[in-house]
Amino acid sequence: MSGQSALLPYRARMLRRNACLEVWPKRLGVCSACVNGMPCKDVKVDDFFLAANLDKPRDTTMSKVKSNVTLINAMKLPGLNTLGISMARIDYAPQGQNPPHTHPRATEILTVLEGSLFVGFVTSNTDNKFFSKMLNKGDVFVFPQGLIHFQFNPSYDKPAVAIAALSSQNPGAITIANAVFGSQPPIADDVLAKAFQVDKKVVDWLQAQFWENNHN
């Protein structure tokens, strides 16, 4: 038996164990195994389909940051589980932004469908180098996994739309301002005042704001 042939049974076992989307053998009873927090299941075609209406504009008027992120991940489309991919449509009103945030489990690749976007990311300590670019319709930009990044629509009168693909079925999102100033319970103001080198009154004011989520 060749080395490649010898690997086939092992690969098959790994697929059965990790894909968790094949039909679970009835003789084994109820499957209690979970992968990425989602249970094994008898799959149907609708586990791989979602009428997401991603061709339709999203409402950006209710967001303070004037953007709306429509994420398609394994929670919305179960067939994505274990496949290491998800996607999002992002709508930006004029002067709207997807504020500085990170994806702890994914690299993101973004393409502009309509309008223009100023985008950027910051590398990790100690360099904290800022990479930025103005993107126009059809342009593509990559945000490396875990790095703080953003998108901003500089137009005063035209909306923008982008589609992003992410290298995880559950990429996660940590919006920096929300996490730092909107945590529950709040981080002590003397900690944040020292970290940001500002007066405590500034921190108290920021913590008193309503930090909303622009992800849907």
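The values are calculated or read from the model by the stated rules, or taken from the named source; none is laboratory data. If you're wondering where the values come from, they're calculated on a predicted model, not measured in any experiment. Because the Cβ atoms are built from the backbone with ideal geometry, glycine has one as well, and the counts that use them run over all protein chains shown. Surface accessibility is based on the protein's heavy atoms, side chains included, excluding ligands, DNA and RNA. Shrake-Rupley method; radii C 1.70, N 1.55, O 1.52, S 1.80 Å.
Numerical summary
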| read-out | value |
| --- | --- |
| Environment charge of Val142, counting only residues whose C-beta is closer than 11 Å and scoring Lys/Arg +1, Asp/Glu -1 | 0 |
| Separation in nanometres of the label points that stand 7 Å from Cα toward Cβ, at Ser167 and Gln207 | 3.7 |
| Accessible area in the full protein assembly, largest first, 1.4 Å probe, for Glu212, Glu114 | Glu114, Glu212 |
| Under-5 Å amide H pairs with Gln151, H placed in peptide plane, nonlocal only | Asn98 |
| Unit charges on C-beta of K, R, D, E only; dipole of the range 122-215, Debye | 240 |
| Local electrostatic count at Gly120 - Lys and Arg +1, Asp and Glu -1, tallied over other residues with Cβ under 14 Å | 0 |
| Euclidean distance of C-alpha centroids, the range 41-61 and the range 170-216, integer Å | 32 |
| About the Cα centre, charge dipole magnitude for the range 174-215 (Lys/Arg +1, Asp/Glu -1 at Cβ), debye | 60 |
| Solvent-accessible heavy-atom area per residue, rounded to whole Å², over the range 174-215 at 1.4 Å | 69 |
